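As C-alpha cells, the structure follows; a few thoughts come after it.
Just so it is clear, none of the values below were taken in a lab; they were calculated from the coordinates. From a predicted model like this one, the values you see are computed outputs, not experimental measurements. Note that each Cβ is placed from the backbone with ideal geometry, even for glycine, and that neighbours are counted across all protein chains shown.
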Amino acid sequence: MDDAHEDRFRQHEAIMAGLARMLEAQHDFNRQQLVLNQQQREINADVRTTLARIETLLTRMLHTGENGQEA
C-alpha cells in the first residue's frame, strides 16, 4: 500500500509542478498582452487624429469654389 500512496503522491507533485509552470507561462503572456494593448491604444489614438485631419481637409476641399476660392 505504501508504494501506491507514494506513486499517487509523486503523480500529484508532478501535476502541481505542471500547473505552476502553466500559471507562470500565463502570467508572462498576460504581461506581454498588456504591452500590446497599450501599443494598440496608442495606434488607435493616432488613427483617430489622422481621421479627424482627413475629415477637416475633405470638408475644406468640398467647400472650395470653381476658382479655388472658398464658396
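Here are the numbers for this structure:
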| read-out | value |
| --- | --- |
| Point-to-point label distance, MET61-PHE29, nm (Cα→Cβ direction, 7 Å offset) | 4.5 nm |
| Choice from GLN40, GLN32, GLN11 with maximal GNM fluctuation in the chain (Cα, 10 Å cutoff) | GLN11 |
| Cα lying deepest toward the dipole's positive end in the chain, options ALA14, LEU62, PHE29, charges on Cβ | LEU62 |
| MET16/GLU42 FRET efficiency (R0 30 Å; Cβ-Cβ; nearest 0.05) | 0.15 |
| Label selected from [x] 93; [y] 74; [z] 174, the criterion being volume of the Cα convex hull per residue in Å³ as computed here | [y] |
| Acute angle (nearest 10 degrees) that the helix 2-62 long axis makes with the longest principal axis of the chain, alpha-carbon atoms | 0 degrees |
| Point-charge dipole on Cβ atoms (K/R +1, D/E -1) for the chain, about Cα centre, debye to 20 | 420 debye |
